[in-house]
1. Quick check: residue separation of residue 114 and residue 168 times 0.36 nm, minus the Cα distance between them. What number comes out in nm?
2. Averaged over every viewing direction, what's the projected area of the C-alpha convex hull for the chain? Give it in nm², one decimal, please.
3. List every residue whose amide H lies under 5 Å from the amide H of residue 257, counting only residues 5 or more places away in sequence or on a different chain, with H placed 1.01 Å from N in the peptide plane.
4. Taking the Cα atoms only, what angle lies between the long axis of helix 286-296 and the longest principal axis of the chain, rounded to 10 degrees?
5. Remind me, relative contact order of the chain in percent, using alpha carbon pairs under 8 angstrom and six or more residues apart?
6. Return the FRET efficiency for the residue pair residue 337, residue 75: r is the Cβ-Cβ distance, R0 is 45 Å, and the value is rounded to the nearest 0.05.
7. If the chain between residue 35 and residue 238 were fully stretched, how many nm would it gain, using 0.36 nm times the residue separation less the Cα-Cα distance?
8. When only Cα pairs under 8 Å and 6 or more residues apart are kept, what is the percent relative contact order across the stretch 222-310?
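Please treat every number below as a calculation from the coordinates, not as lab data. For clarity, every value in this text was computed on a predicted model and none was experimentally measured. Every residue, glycine as well, gets a Cβ built from its backbone with ideal geometry; the counts of neighbours run over all protein chains shown.
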Amino acid sequence: MSREFLQLLRDRSAFDPAPRHSELHDVHVPFDDLLGTGSCESALLAGVRRGERIALVGASGSGKSSIIAGTLGPLVEGVFPISVPVAVERGEVATDTVEFVRHVVRTVSRMISAQLPALGRTGRQLAEGAEQPPERISRFTASLPLPASLRPALAYELNRIAREPAPTGAQVIDQGRALLELVADDGLTPVLVLDDTDRWLSSLRTDSEALRRRFFTTVPRLLAEDLAVPAVVAVHPTYLADSAYRDARGFLSTTINVPAVPGPSGLIRVLGRRVEIACYDIESTPDERHAIQRAATQVLTPAAGQRLFDHYASGPSDLRRNVLLVAHTALALALDDDAGQLEQGHVELAVTS
């Protein structure tokens, strides 16, 4: 381990506590691997494939978004996740069935239009009876968040349906069903992902509590009855005491609780994965890859790893604030000291600063 290596990690924001959403599936270390169980990511994937609507319960920063990205990423066969933001949209999106479905339709249209720039040319080729496009889009030509297995013909049909006028509420609901059925008919499982509901806790909106109550009264039932679509709904633990959430439990058929990282070695693996991703483009030989993997486990001294875990375990299981932010700050402190590792004192100062 050297100061130069730590400098590289800082330059590449290895411990960035707020990575781009499109990077989460790469940096995520499955809790199933950390715990040696199948109670988290495996259960989530199996549940959506069975058509369940899943409440993924965890505090802000605990890893809900990473779990979803890692489990329903673009290379996972047979699933078509549709990320539907609700907390940052107009209130009607979260409380009115027609507006919610209209929002889903718009979301699908934006996904297709933004991720497949060649869609118009593909559509013209299909309409003119030209040679069929390739059966599948490779990982390198299909950008997130579309699945790599999406066929161009399906994308074109989805875009066409999403752009059809739907002036009445009944037509909007039918349009939403048609999109989901089209995905299912192509052998993919559509999954609605509502990953930002805990933003209502910190929202500046004065009606956040009322929005949350009306959301759980309205949307889970819509997902189960009118759309009959698998879904993953991120749920903050404080919501569990809400009467509206308890009433919605009949429509959210499965609950998965985000687990805590089990020990210091688990945190080292979480940080080590980010080290490896930060250095991915300098790995060229097996020996160099092995050196990076070894260095990833030695960024923190054992005492620093224990102190970091103690801080993480002392409060809510918040990986973003209590692990990544602390490690990010400790890295800067280690460089200021010309150190070759993050030591216990660096972590201690990062915790208390």
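1. Numbers: separation 54, 0.36 × 54 = 19.44 nm, distance 2.68 nm.
Extending this stretch completely gives an extra 16.8 nm.
2. Values: hull surface 79.4 nm².
For the Cα atoms of the chain, the hull's average projected area reads 19.8 nm².
3. 57
4. 80
5. Numbers: 547 pairs, mean separation 103.3, N = 353.
So the answer I get is 29 percent.
6. Details: r = 41 Å, r/R0 = 0.90.
Efficiency, from the Cβ-Cβ distance: 0.65.
7. Numbers: separation 203, 0.36 × 203 = 73.08 nm, distance 2.49 nm.
Here the segment from residue 35 to residue 238 would lengthen by 70.6 nm.
8. Numbers: 37 pairs, mean separation 23.3, N = 89.
Value for the stretch 222-310: 26 percent.
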